[in-house]
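So the structure is just underneath, and the comments pick up after that.
Since every read-out is calculated from the coordinates, none of them should be taken as a lab result. This one's a predicted model, so the numbers in the text were calculated from it and none came from an experiment. Backbone-built Cβ (ideal geometry, glycine too); neighbour counts: all protein chains shown.
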Amino acid sequence: MVSYTLRRLLEAIPVILLVTLIVFLLNAAIPGNPGRIRLGQRADPASVDAYNEARGYNDPLPVQYGRYLWRLFTDFDLGESDVKAGKSVNEILEEAFGVTIRLAIFSMFIALVVGIGAGILSAVRSRTWIDYCSMLVAIMGVSMPVFWLGILMIIYVAPVLGLPRTGFDDTDAYTMFRSLILPAAALGLLSSATIARLCRSAMLDVLTQDYIRTARSKGLGEAVVVLKHALKNAAIPIVTVVGNSFGYLLVGAVLTETVFALPGLGREVVEAIKQRDRELITGGILLMSFVFVGVNLLVDLSYAWFDPRVRDDRN
Amino acid sequence: MSKCLSRTSVFMSWLVILSMVAPGCTARMESGTDTVFEIESISAPRSDGIFRIPLMTNPPDLDPILVSDTTSDGVASKIFNTLLDYDPELKLEPCLAVSMPEISSDGTQYDFTIRAGVRFSHGRAITAADFKYSLQRLASVRSKRPNLIEPILGASEAIESARSSQEDAPEIAGIEVLGDLQLRITLKKPYAPFIYHLAMVNTAVVPRELVEQHGHAFSRKPTGTGSFVLEKWKEGTSLLLKANPDYFEGAPKLAGILYRVIPEPLAQLEEYKAGNFEVMAVTQGVFPKWSRSNRADEVLSWPSLTVQYYGFNLEKQGSPYAGDSDSARKLREAVNLSVDRKFLGEVLLEGRFFAANGILPPGILGHNADRPAYPLDQERARALLAEAGYPGGKGLPSVDLWFNTQGDNAKIAQSVQEDLRKVGIPIGLKMLDWGAFLESTDAGEPSFFRLGWVADYPDPENFLAFLFHSKNKGPNGNVAFYDNPEVDALIDRSYTITDMDERIRLLQQAESKILDDYPWLFLLFGRETILIKPYVKNFTPTGMCDDVQGNHVRWHLVQIDNVGTQ
C-alpha cells in the first residue's frame, strides 16, 4: 500500500510539470501585450516596454519557464502578482484556498447528508411516493444552474432566515458559518442530486444480492442491513462521484463564489485570467492540479478501504 | 408508474418554471397612464456612521504611482491628497498648497507654498521634501504614470535612466525644495496642462520612510494625509477606511467608509434594497424601473467626462474611409449621419448615455453647448454616399467594425450595423478580448474600431492632444492616425499660453477642424447614474466622479442624516 501511494505521488510530478509548461505556453499564446493591458490606453510604448522588461516578459519563453521552475523548486515561490502589487501569489492563493476549502467541506457535507440520505430512502422505499419525490427533486437539482439557485436564495431565503446575502466573514466561527450557509447549500444541493441518483441505483443493486438476504435471515435489524452491509458495498461508485465533485469544489466554484461574493480560488483565477495576471494564473492552475492529483489519490486509496479485493490486487 | 411519473413530472416542471419566473415579477401600481413600480427598499440610516459602498472588483493598487484604474483611484483619493484639487465646478483650487502656484511669465516655473501643520496619518508633518520625493517616484521603473512628470526639466532623463538600470531614478533637476514648505517645479518648456497633473492622485504626497519600510507592500499599506485612513483590507472581500480625525480640512462627518466586493450586480442590488449599502452603481435594467418607481428619489444622475466613438483608421491601406480625399471624407460624413444616437442613448442604453455633438463632452472646458447633436439624416447620408461614388452603396466594400467584449459594446455595434445597412453602408462585426483588441489598434490593424475616452482632467487638451495630435499616432493614443498640421499647430500653441480663455479658444478651433474631417463616428457622451439612499447628505458628484467611487467628492463633508425614512 505504501509503495502504491509513493508510486502515485511520483507519477504526479510529471503531471505537475506538464501543467506548468502548458499554462506557460497558453499564457504566451493568448494575444495581448501584458504591459499594455496592465498600463492601459494611456501608456506610451516605452513605458509598456519598460514594464515588460522589469517583469521579464521580454525574455525568451524557455528562459521565463526555467526561471519559474527554479523559483518553484528552490523556494516554492510562485512569484508576485502582476495586478496586486506587493502581494505574492503564494499569499493570494493561500487566502483564496482557505475560503474555498471551507466552502467545499461544508457543501460536501450537505451533499453527502442530503444525497446519501435521499438515495438510501429512495432505494429502501423504491417505487413509492417517497422515491418519486426525492428523485424528482434530484432531477430538479441537477437541472438548475447554480447561479440561478444562488440568486433565488439571496432574494428569498436569506431575508427569511436572517442570513447574510453575500460576502465572507471569518471574524469568528459563528459568523463564518452563517456566511457560508447559503453558498454551501446552493452548491451542496446540486451535488446532492447527483449523489442521490447514483446512491439509489447502487443501493438497489446491492439490496437484491444474496448476502443481504442472508443478513436479514440472520435476524439483523433493517438499519444494520442497509447502513452497514448494503451501503459499504454500494460505496465505490458513490465515492468516485463524491471524489470528483469534491475535487471540483476544491478548485473553486466560480459561479457560486461570484454570486455570493466569496473570495475563493475559482473567482481569483478567473479574475487573473481576465486581467492577464500571468503569475497568478500559473500559480492558481498549478495549485488546482495539485488538488486534483491529491483528491484522485485519496479516492483510489479509499477504494481499498471499502473493498478489500482492491487492496489485495494492489499488494 | 409511468402515468404517476409523468403527472408528477408535469407538476415539477411547472414548479421549476414558476421558480424561474418569480424573481422577474415586480409588484406594480397604476398611476394615471404611467406604470409605476413599487420597490421595497429599506431607507433607514445606520447609527454607526459607516458609509457602505459596493465594488465590482478588489482595488488592485493603492500606491499612488501604481493607480491606473477607477476603483483604485476612488479609494486612494480618500487616503491621499495632492497639491491641487477641483472645486464643485471643476475649477482647480489649492489642496495641500496654500494657494494656486505662482507661475513665471514664460510659463515654465511653478512655485508652491505647502500648507503648514498638515500631517500624514502616522503623525509626521508634511514638507516640501515629501513632494519632491513623491513626484520623483513617478520616474521609477515601477511607476504606471511616468508621463505625468515628463514635462519637468530633467524628468525624461531620469525616467530613461531608471528604465535602463532597472533601479530607482536619479534626482530630477526640475523639482527643487526651496525651504521647508517651499517647492519649485521647473518645466522643460511651457506646458499649460501640467498644472492638472498636480490634482491627479498619482502625484499625491507619500511619506518616504513608510514607502521605504514597506517596499512594494506600500500598495497594500498606504498612508497619506487624506480624510480617511486604511483600517483593514481583506482582499477580494472588504476594505474599511476610518475617519482621519486630524484631517486638515476638518474631521470627516462619517465614522468610516466600508467597501465590499460583490461582483454580481443583482446581488449588489439586493444588498442595496436591504439597506446594506448607501449607494450603488446602476446597471442594465435598473435605471428605467427605479426612475419610474416609488423610489425615484434615490436615482442620482450626472454627465460624466467621457466620450464613446468609432474611429476610422485614416492610414489603413485599402479602406474606402481612409485618407483625406473628398470621397473618403464624404463617406465618413455619411456614416455620421446614418446612426440613430438618440435610440442608442435613450432606448438601448436606457438613458445612461446621450448623443454626442463633438469630441468634448459637457463639463470639459470648451465644450460647445450650442452645437446640436449629430442628427439622423438618412437622405443626406444617401446623397453623400452617391457623391462619394457609391450610389445606394453599390461597389462600397464592407469593412469590419472591431470592438472589445466589455459592457454594451456588442449591442451598440449591432444597432449601428443595422442603421448603416439601411443607408447602404455594409459593415461586418469583429469582437475581441480587450488585450487582443488593444494590440490590434496599436498596430493599426482595424479600419473601423470602437474606443472611448474618460478625462484625466477637465481640459480639452486631454482629449484633443492625446487622441488627435500627429505626434501621438498609433500606440500613443491617436489610433485613428489623424494627421492635420493645422490642428497640431493649434494644440502646440495652446501649451504655451497660460491665459485660460485664449487657450480654450485655440482648442475649440482645433476641435472644429477635427470635426470637419470626420475622423470618427462621433457617438455618445456618458452619464453616470447611481442609486443613493435619501439620508445621505452632501454627496455632490462632478463630471470627474466615476459612479459610486466619488472621486473628487468632498468626502469629509458627506454625512449620514440621522433622520431617515422608513
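Things worth noting here:
- Rounded FRET efficiency, nearest 0.05, which uses the C-beta distance separating residue A:156 from residue B:371 and R0 of 51 Å: 0.50
- For residue B:399, the residues whose amide H sits under 5 Å from its own are B:428, ignoring neighbours fewer than 5 places away on the same chain, with H placed 1.01 Å from N.
- Kyte-Doolittle mean at least -1.0 and Cα axial length at least 27 Å: DSSP H helices in chain B: B:2-21
- Computed from Cα atoms alone, the Kirkwood hydrodynamic radius reported for region B:369-455 is 14.6 Å.
- For region A:1-105, convex hull volume per residue from C-alpha positions, Å³: 151 Å³
- Span from the region A:153-171 Cα centroid across to the region B:362-388 one, whole angstrom: 51 Å
- Summing Cβ point charges (Lys, Arg +1; Asp, Glu -1) relative to the Cα centre of region A:89-314 gives a dipole of roughly 960 debye.
- Summed residue charge, Cβ within 14 Å of residue B:516's Cβ, Lys/Arg positive, Asp/Glu negative: -1
- Taking the inverse of the mean reciprocal distance over all distinct Cα pairs, the Kirkwood hydrodynamic radius of the protein assembly as shown comes to 30.7 Å.
- Total formal charge among the other residues, if their Cβ is under 10 angstrom from that of residue B:386, Lys/Arg +1 and Asp/Glu -1: +2
- Exceeding the 25 Å Cα-Cα cut-off - candidates B:91/B:273; B:316/B:430; B:342/B:422; B:78/B:473: B:91/B:273; B:78/B:473
- Label point distance in nm, residue B:471-residue A:220, each placed 7 Å from Cα along Cα→Cβ: 8.9 nm
- Kyte-Doolittle mean at least 0.0 and Cα axial length at least 18 Å: DSSP H helices in chain A: A:2-29, A:89-124, A:129-143, A:173-207, A:235-250, A:278-306
- With kT/(6 pi eta Rh) evaluated at 25 °C and eta = 0.890 mPa s, and Rh the Kirkwood radius from Cα pairs, region A:89-314 diffuses with a coefficient of 129 µm²/s according to Stokes-Einstein.
- Translational D in µm²/s for chain B (Stokes-Einstein at 4 °C, 1.567 mPa s, Kirkwood Rh from C-alpha pairs): 50 µm²/s
- When restricted to Cα atoms, region B:62-110 yields an Rg and a Dmax of 13.5, 38 Å, respectively.
- Other-chain or far-sequence residues with amide H under 5 Å of residue B:432's (modelled H): B:403, B:404, B:405
- Dimensionless Rg ratio for region B:348-416, taking C-alpha atoms and the 2.2 N^0.38 Å reference: 1.44
- With bins 10 Å wide beginning at 0, the percent of Cα pairs of region A:194-254 falling in each bin runs 22, 42, 22, 11, 3, 0.
- Stokes-Einstein translational diffusion, region B:82-207 - Kirkwood Rh over all Cα pairs, 0.692 mPa s, 37 °C, in µm²/s: 223 µm²/s
- Efficiency of FRET from Cβ geometry, residue A:201 and residue B:214, R₀ 60 Å, rounded to 0.05: 0.55
- Region B:416-485 versus region A:58-87: alpha-carbon centroid distance in Å: 35 Å
- Kirkwood analysis of region A:1-53, using all unique Cα-Cα pairs, places the hydrodynamic radius at 14.0 Å.
- Enclosed volume per residue, in Å³, of the convex hull spanned by Cα atoms of region A:62-132: 172 Å³
- Separation between Cα centres of region B:46-83 and region B:301-360, rounded to whole Å: 33 Å
- Gyration tensor over the Cα atoms of region B:213-324: the corresponding equivalent ellipsoid has semi-axes (square roots of 5 times the eigenvalues, largest first) of 37, 27, 16 Å.
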